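First up is the structure itself, then whatever we jot down about it.
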Amino acid sequence: MIAIIGAMDEEVKALKKRINNLQELTRFSFNYYTGEINGKSVVLMKSGIGKVNAAVGTTLLFELFPVDCVINIGTAGGMIPTAEVLDIVISDKVCYHDVDVTGFNYAYGQIPGFPLYFISDKEIVGLAETILNKKNLRYHKGLIVSGDTFVYQDTQRNLIKHHFPDCIALDMEAAAISHVCHIYNKRFIVIRSLSDIAGKASHLSFDKYLEQAAEVSSDIVYELINFLNN
């Protein structure tokens, strides 16, 4: 079973419309939508915003459904000079940008007992790149970082870049989702579209491009599902 996770209604509604034999299950504050996309068994979850919501929702997801792999969809803020709004970003690895246990000799961003980086499934990443190249879409592959902050000021952006100079994008859920995937030994990938460029009046751009960016991300995921085995 393929799981797709988005944080907000705007991020899940495009894929929700494409699910056949749709059924809804609600547990606490989490909505799970099951059915099929092109004959593939899927479950779509709206997690809510932030790391705790994402982690709890993903944990419940794994306890409720026989999930094989996770695709985290939605929007993100760009963190590289070449990025443009509505570009696609895909993860090869994910980490936290707001964890600091360096006083005990851990790397900045590392939770004790866990790796600094949670690694995306290479096969799924390769499939996603094949689709993006075939469609001739602009995309960036690399490190995506997460924290419980919407980054809209240059000072915030510069601090994150200081710690993670190679990060391509940031969000508020992906690291928590990938962390739970690591614990449950589930394959994952993050596929998001840029709704804003972090620090550049990003709160204004986010509101303007949220739905359009979510649609772009959903279109790619819809194609990817066709290539994944249940």
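None of the figures in this text is laboratory data; all of them are computed from the coordinates on show. This structure is a prediction, so every number in the text was calculated from the model and none was measured. Every residue, glycine as well, gets a Cβ built from its backbone with ideal geometry; the counts of neighbours run over all protein chains shown.
For this structure, a couple of remarks:
- Directionally averaged shadow of the chain, computed from the convex hull of its alpha-carbon atoms, nm²: 11.6
- For a label point 7 Å along the Cα-to-beta-carbon line of GLU36, residues of segment 209-228 with backbone N under 17 Å: 225-228
- Normalised contact order of the chain, rounded percent, pairs of Cα under 8 Å and 6 or more residues apart: 29
- Local electrostatic count at TYR222 - Lys and Arg +1, Asp and Glu -1, tallied over other residues with Cβ under 11 Å: 0
- Neighbour net charge for GLY50 - beta-carbon separation under 9 angstrom, K R +1, D E -1: -1
- Karplus 3J(HN,Hα) series, Hz, for segment 75-92 with 6.51 cos²θ - 1.76 cosθ + 1.60 (x for Gly, Pro): 10, 8, x, x, 10, 10, x, 7, 6, 10, 4, 6, 4, 8, 10, 10, 8, 9
- Alpha-carbon centroid distance for the pair segment 121-146 / segment 38-64, whole angstrom: 21
- Dividing the summed helix terms, -39500 (n - 2.57) for each DSSP H run of n ≥ 4, by the number of residues in the chain produces a 222 nm estimate of -11500 deg cm²/dmol to the nearest 500.
- Among residues other than ILE144 with Cβ under 12 Å from its Cβ, the summed charge is -1 (Lys and Arg +1, Asp and Glu -1).
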